[in-house]
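The structure appears right after this line, and notes come after that.
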Amino acid sequence: MRKFVVVLAAGKGTRMKSRLYKVLHQVCGKTMVEHVVEAAQAIKPDKIVTVVGNGAEEVKKVLAGKSEFALQEKQLGTGDAVLTAKDQLAGEKGATLVITGDTPLFTSETFQKLFDYHENKGNAATVLTAQAPNPYGYGRIIRDDQDNVLRIVEQKDGSPEDLKVKEINTGVFCFDNQLLFEALTHVDNQNAQGEYYLTDVLEILRNEGQRIGAYRMRDFSESIGVNDRIALAQATKIMQQRINEKHMANGVTFIDPATAYIDADVKIDCDTVIEGNVVIKGKSVIGRNCLITSGSRIVDSQIGDCVTVTLSTIENSQMDEQTDIGPNSHLRPGSIIRKHAHIGNFVEVKNAEIGENSKVGHLTYVGDATLGKDINVGCGTIFANYDGVKKDHINVGDHAFIGSGATLVAPVNIADHAFVAADSTITKDVQRYDMAIARGHQVNKPDYWHKLPLSQDQNWQ
Ligand code: UD1
Ligand code: CA
């Protein structure tokens, strides 16, 4: 059977109290609507149509290449929203999965089970339902004495009796495609919200003598609909646990999974240890056998095998195998730390490459620079890359030695095997094997103490 998917993502999300449109809010680093569409993609449908309206351009951007789009100009309700996809779908023969764009936790396995159930039962419509501990806000599934589904009643329309029901509409349905689009033309907006409800299609089909049904899922938490920030936090917590358990299944150790915040697309190889209070975001990739300690934050970065990151922040950067950083250091965008290099404490690196085996141990700023192999950069060195107007580059050759407290003023080249004496301010190139000293000469004043008035004081003799 051909399979189609409609994702509803045109609403504004008033209850979020946000300038950002609801489905663009992120859960573990990915917008809710991407979570939904990616789970839908995994069941390999023939077509996915996302209904956009509020924030249409932004939504289209995040889903580019993953979905077709239908534009719902006015948000007249979920039934009207599905109807806007009729040009792309109405003629098709097959089954159509409808999903709301604000339910980010559904898995493709659940969608597949719903499809299979729907097909096996020969239903015209099957709603995916769950038992909600607190069903407030969800549509309720109303059944007769024989347990047959009669209709769905929204929170705002329900009688006190209806609202006691804890079986809820998860917002996911499977329909016979042609019957769906036919029934949608009969949906009206005579209800508390004055909206065209998709949920009414069930009763319409039933009255036409079609077979309708419900597929009960066991785990309510997968069906959380995110209408406000409280639900957003709940969904994030559940997704976080799911992500961390996936990594644990792959051989990653978490000291405290409850406080390790790993984005959905992060990759981590086995035998890496993640301590508590760690944040790893975006498209970061972490190698094998690494240690990422508490207080570390890694964003869109590549970390090789056997790397130790201690209480440090790494953004859009790369650390090759057997390197280490921290505590309290910061790799800003464009930093590359080559094999066996060492970045110690209170070091900031920006748009710079630190070559193999080189050491930048303490209290140093390296910006816009290329450092070769086996270099030692002493404590408190400053790569002065900015003259107030533009940034310039500094090169340091292999085996160079930069003494503590040096200031290298860009643009400048320090050749291989060159030395820079401590506390020097370097403005001119230093050649191979040379040493540069650029600081005031030391002058010692003999017997200085005896010239002080203080020295006459008996107590100080
Ligand atoms: C909806 C269901 C409810 C179900 C719940 C599950 C209806 C009438 N109600 O309620 O039974 O329990 O989801 O989470 O279907 N949207 C549009 N265009 C519109 C209106 C909404 O695209 O005109 C989109 C929204 O962007 C959202 C989704 O449809 O992604 C659901 O809309 P929302 O207003 O959140 O519906 P609920 O009140 O949660
Ligand atoms: Ca909702």
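For this structure, a couple of remarks:
- None of Asn277, Asn244 is at positive phi and more than 16 Å from ligand 2 (Cβ to nearest atom) except Asn277.
- Answer residue from the stretch 1-17, given it is away from ligand 2 (no atom under 14 Å from the Cβ) and not basic (Lys, Arg) and is modelled with the lowest pLDDT among those: Met1
- Figure legend. Inter-residue proximity from the stretch 434-454: first residues free of Cβ contacts under 8 Å to residues at least 24 places away in the same chain, second residues outside any strand (DSSP E or B) and open to solvent by 100 Å² or more (accessible area, probe 1.4 Å), beta-carbon distance below 7 Å, spacing 6+ or different chains. Indicated pairs: Leu454/Trp460.
- Members of the stretch 130-155 that are within 16 Å of ligand 2 (Cβ to nearest atom), under 15 Å from Ile224 (Cβ atoms) and in a strand (DSSP E or B): Ala130
- When the stretch 413-445 is filtered for residues that are farther than 19 Å from Lys373 by Cβ, among the β-branched types (Val, Ile, Thr) and surrounded by 16 or more Cβ atoms within 10 Å (Cβ to Cβ), only Ile426 remains.
- Filter result for the condition that a residue is in the same structural domain as Phe175 (by TED's automatic domain parsing), open to solvent by less than 20 Å² (accessible area, probe 1.4 Å) and among the aromatic types (Phe, Trp, Tyr), over Phe111, Phe69: Phe111
- Filtering Ile168, Ile204, Ile212, Ile230 for residues that are under 23 Å from Tyr21 (Cβ atoms) and of a type in the set (A, V, I, L, M, F, W, C) leaves a single hit, Ile230.
- Selection within the stretch 194-242 - hydrophobic (A, V, I, L, M, F, W, C), closer than 20 Å to Thr129 by Cα and without any contact (Cβ under 8 Å) to a residue 40 or more places away in the chain: Ile204, Ala231
- Scanning the stretch 137-164 for residues that are open to solvent by less than 40 Å² (accessible area, probe 1.4 Å) and more than 7 Å from ligand 1 (Cβ to nearest atom) returns Arg140, Ile141, Ile142, Val149, Leu150, Val153, Gln155, Gly158, Asp162.
The values are calculated or read from the model by the stated rules, or taken from the named source; none is laboratory data. Please read all numbers here as calculations on a predicted model, not as lab measurements. Here Cβ is always computed from backbone atoms with ideal geometry, including for glycine, and neighbour counts include all displayed protein chains. All accessible areas refer to the heavy atoms of the entire protein, side chains included, with ligands and DNA or RNA removed. Shrake-Rupley method; radii C 1.70, N 1.55, O 1.52, S 1.80 Å.
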